[in-house]
Amino acid sequence: MDWLCSNQRTPTAGFKRVMLDPKKLMTLPGEMGEERFYKPADDTWTEDDLYGRDWVHEQVDSITDSMQEIGWDKDNPSGNIFVIVEANGKAFISEGNKRTRAAARAGIEQVPVEVKFCGGSEMLPDGWHPMEAL
């Protein structure tokens, strides 16, 4: 396959901060496969959760409680969710899987997301685009 950029991992475009629906972001996989710890339909923990991952559940529960109490700090740029769109057009959540889940569970309708397109993926007609998560 010919890439649209000489190095398929080179960031070629992006959005510094776009507000997206966390429920729609949850359809993206995590960089490390974090999505396998949840059932997509109702966001409950799966029976095949790996041993020793109780801390993941506790962290999401804690973040959810905090977001229900004080909301999302939209003025904090370090709170952005990071999405990478690979050269083949597939996207994944690089940073913020737990915050995305917690925001959806807390009823927050939009979260700040930074999107980086790599290898020219912004030019692909069938690649992922943030408009899919509005």
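The values are calculated or read from the model by the stated rules, or taken from the named source; none is laboratory data. Values in this document were obtained by computation on a predicted structure and should not be read as measured data. Neighbour counts are summed over all protein chains in view; Cβ atoms, including those assigned to glycine, are modelled from backbone coordinates with ideal geometry.
Taking only the range 76-134 into account, find how many residues are in a helix (DSSP H, G or I) and either more than 12 Å from the chain's Cα centre (by Cα) or among the small types (Gly, Ala, Ser) (or both). So that I can check it myself, show each step before the final result.
Taking the range 76-134 first, the residues in a helix (DSSP H, G or I) are 77-79, 97-106, 121-123, 130-133.
Retained after the next criterion (residues that are either more than 12 Å from the chain's Cα centre (by Cα) or among the small types (Gly, Ala, Ser) (or both)): 77-79, 102-106, 121-123, 131-133.
Number of matching residues: 14.
Quick one: which of Val113, Val85 is in contact (Cβ under 8 Å) with a residue 24 or more places away in the chain, of a type in the set (A, V, I, L, M, F, W, C), under 22 Å from Ala13 (Cβ atoms) and in contact with a Cys (Cβ under 8 Å, 6 or more places away or on another chain)?
Details: Val113 fails: in contact with a Cys (Cβ under 8 Å, 6 or more places away or on another chain).
Only one candidate qualifies: Val85.
Counting only residues that are in a helix (DSSP H, G or I) and of a type outside the set (Lys, Arg), which one in the range 1-40 is modelled with the lowest pLDDT?
Here is the first cut: in the range 1-40, the ones in a helix (DSSP H, G or I) are 22-25, 34-37.
Next cut, of a type outside the set (Lys, Arg) only: 22, 25, 34-35, 37.
Details: Pro22: 94, Leu25: 93, Glu34: 78, Glu35: 73, Phe37: 68.
Looking at the filtered set, the residue picked out is Phe37.
Restricting to the range 105-134, give me the number of residues that are surrounded by 18 or more Cβ atoms within 10 Å (Cβ to Cβ), hydrophobic (A, V, I, L, M, F, W, C) and under 17 Å from Lys16 (Cα atoms).
The number of residues fulfilling the criteria is 7.
Just one of (1) farther than 15 Å from Val18 by Cβ; (2) crowded, with 17+ Cβ neighbours inside 10 Å; (3) free of Cβ contacts under 8 Å to residues at least 60 places away in the same chain trips up Gly96, so point out which.
(1)
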